[in-house]
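The values are calculated or read from the model by the stated rules, or taken from the named source; none is laboratory data. For clarity, every value in this text was computed on a predicted model and none was experimentally measured. Heads up, the Cβs are rebuilt from the backbone with ideal geometry, glycines too, and the neighbour counts pull from every protein chain shown. Side chains are part of the model used for accessible areas, which takes the heavy atoms of the whole protein and leaves out ligands, DNA and RNA. Shrake-Rupley method; radii C 1.70, N 1.55, O 1.52, S 1.80 Å.
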Amino acid sequence: MEGFESGSCGAPSPTQEPTGLAQPLTLEVLGLSQEDLANRLVDRLADGLLTDLHYDEDGFEFRGTSPFAKSLNKLVKARLDALVEDLGSKHVLPRVSELVENLVLQETNRWGEPTGKSVTFIEYLVQRAEAYMTEKVNYEGKSKDESGGYSWSGTQTRVAHLIHKHLHYSIETAMKEALANANSAIAKGLLDTVKLKLGEATAALKVAVTTK
């Protein structure tokens with residue numbers, strides 16, 4: 001076997017570095033960075049918390065809102081409502097009150113020309129309240145425009161109608177209570193009278209039977 005040396009079959013020597021081996025598996029090799037991996041993990045955890053497995057009427061699975069997500073939505077909505085209400089009370093409502101109190105109204109004609117005297121919003125409300133209370137109404141408390149104008153007769157002012165209506169209700173309620181109490185007393189009295197008369201009739205029948 002002269003002419004041959006050990007290791008001549010092509011096997012690498014112990015000191016020879018292997019060639020053609022796969023590179024170590026790293027995130028970079030997979031095309032991912034640590035930031036990408038962290039984002040994907042967060043998305044996965046969030047999806048697990050916010051969604052849950054449900055079944056439709058045919059038994060098929062689908063992903064839907066989880067109980068945790070529903071509770072979270074309620075808490076967020078309640079917090080937002082409280083914040084909006086707080087901000088509105090501090091910043092919006094005072095401004096609205098200021099605008100309303102300082103608002104000046106000016107009546108105009110159909111060409112947009114001012115007519116009459118300009119009034120503040122508060123003065124306008126007072127005027128409208130006075131006009132409403134002193135407006136003529138019929139026995140039902142309706143104005144001519146409200147009733148349609150057919151067979152309408154304004155017999156009293158609205159404030160008079162409201163007062164009469166309130167008094168009528170108060171008197172009617174008091175009368176019903178009084179009658180109910182009276183009926184109770186009368187009913188009891190009638191019951192006692194009937195019992196008495198029945199007793200007298202029974203006694204008379206006994207006397208009559210005994211005499212015969």
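Among the numbered conditions (1) open to solvent by 100 Å² or more (accessible area, probe 1.4 Å); (2) of a type in the set (D, E, K, R); (3) under 34 Å from the mean Cα position of the chain (by Cα), tell me where Asp86 comes up short.
Failed condition: (1).
Any residue in segment 123-142 that is hydroxyl-bearing (Ser, Thr, Tyr), at negative phi, touching a strand residue (DSSP E or B) at 6+ places or on another chain (Cβ under 7 Å) and part of a helix (DSSP H, G or I)?
yes
Under 36 Å from the mean Cα position of the chain (by Cα) and open to solvent by less than 90 Å² (accessible area, probe 1.4 Å): does that describe Val137?
no
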